[in-house]
């Protein structure tokens, strides 16, 4: 029974990836990051005058000017946060600007080592706490990101339907991530089916809201860049693609938890009927729903504080503020993802309760 549901989904995913796989000349990496004669160099800050807007003194570490001390104009917002002696920075060297001023321009900080240390710490913590299961999950995450980089983004750049790309790409990511992280079993496959149910609900609701809410998808500066760089791309369809992919992680989290809850409850009381197991598991599910209601909302607020701050200074009602283009897209994204996530819980619980005890653990 379970194979009859999962195998067609797997076949459809493979066929979809083959059919939609980006072919032909790709634009990825085709646009030069600098003009002719300009290069990126690294430097170390040796002196900070202290006045806002003043140039900082930097020792050049790379390129033909390595070893020289030069003046670099740092943006006010960077200086306001405090540039310290010893900081390493990336600079753009423009040879043609030497006659009119400093040919070195501040680009960003060099932060390779701290990020690498953080990644190593992350892997260490995951390995110590979750052991091989955690490392398998990291491997699943890496494989999912490969799908995004090799399939989703190139296909979108070539003008493939964002909705189809989102559905096929999300399906592929779920198959890879879920089975790598949790192993191939009836329990895992049940959670995967619950994830697909939530994904279908999220997609249907998102598609409906695009039309009903007249969501154009132009609520960010990046959207305008996409519109000018890729004129044939539908911003509203791209918004739907983002909604579908954004909810995958939380969606899989709740379905795995619910499937595990059902199996553990059955293990502690094998004589309990399926209805009783479902009822008990839904008590756990309701607690999960209660926390999930604000999880996605808090995540949005945390990543959008600058936008919310700027939007809040204008004289308008709260409803007008929430319905403005740049805000309502995230409101819809949060609500649609949350509804799909919440409904995935009873769906996964029902499927798990129907299958637990009937089939062996290994698929």
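The values are calculated or read from the model by the stated rules, or taken from the named source; none is laboratory data. Please read all numbers here as calculations on a predicted model, not as lab measurements. Heads up, the Cβs are rebuilt from the backbone with ideal geometry, glycines too, and the neighbour counts pull from every protein chain shown.
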For this session: State whether one or more residues within segment 38-48 are surrounded by fewer than 16 Cβ atoms within 10 Å (Cβ to Cβ) and outside any strand (DSSP E or B).
Result: no
Problem set entry | Filtered residue count, segment 332-349, keeping only those that are more than 19 Å from residue 206 (Cα to Cα) and surrounded by fewer than 19 Cβ atoms within 10 Å (Cβ to Cβ) | 1
Problem set entry | All positions within segment 84-102 that are at pLDDT below 85 and assigned to a loop (DSSP other than H, G, I, E, B) | 98, 99, 100, 101, 102
Exercise. Looking at (1) in contact with a helix residue (DSSP H, G or I) (Cβ under 7 Å, 6 or more places away or on another chain); (2) without any contact (Cβ under 8 Å) to a residue 60 or more places away in the chain; (3) within 30 Å of residue 271 (Cα to Cα), which is the only condition residue 287 fails?
Worked result: (1)
Seminar exercise, completed: Note: among 267, 297, just one is in contact (Cβ under 8 Å) with a residue 12 or more places away in the chain and either surrounded by fewer than 16 Cβ atoms within 10 Å (Cβ to Cβ) or assigned by TED's automatic domain parsing to the domain that holds residue 161 (or both), namely 297
For this session: Can you tell me which residue among 68, 23 is within 30 Å of residue 170 (Cβ to Cβ), surrounded by fewer than 14 Cβ atoms within 10 Å (Cβ to Cβ) and at pLDDT 80 or above?
Result: 23
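Within the group 250, 272, 177, which residue is surrounded by fewer than 22 Cβ atoms within 10 Å (Cβ to Cβ) and more than 17 Å from residue 355 (Cβ to Cβ)? Give the derivation first.
Working: 272 fails: more than 17 Å from residue 355 (Cβ to Cβ); 177 fails: surrounded by fewer than 22 Cβ atoms within 10 Å (Cβ to Cβ).
Residue meeting the stated conditions: 250.
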Exercise. Is it the case that some residue within segment 243-254 is at pLDDT below 85 and in a loop (DSSP other than H, G, I, E, B)?
Worked result: yes
Exercise. Pairs, please: C-beta under 8 Å, at least 6 apart or cross-chain, first residue closer than 14 Å to residue 17 by Cβ and in segment 159-170, second part of a loop (DSSP other than H, G, I, E, B)?
Worked result: 160/22
Seminar exercise, completed: Among (1) at negative phi; (2) out of contact with any strand residue (DSSP E or B) (no Cβ under 9 Å at 6 or more places or on another chain); (3) at pLDDT below 85, residue 357 falls short only on (1)
For this session: Could you please let me know if residue 78 is under 30 Å from residue 245 (Cβ atoms), assigned to a helix (DSSP H, G or I) and either outside the structural domain of residue 242 (by TED's automatic domain parsing) or out of contact with any strand residue (DSSP E or B) (no Cβ under 7 Å at 6 or more places or on another chain) (or both)?
Result: no
Problem set entry | Positions within segment 113-134 being at pLDDT below 90 and under 21 Å from the mean Cα position of the chain (by Cα), in sequence order | 134
For this session: Quick one: in segment 184-229, of everything that is out of contact with any strand residue (DSSP E or B) (no Cβ under 9 Å at 6 or more places or on another chain) and not in a helix (DSSP H, G or I), which residue is surrounded by the fewest Cβ atoms within 10 Å (Cβ to Cβ)?
Result: 214
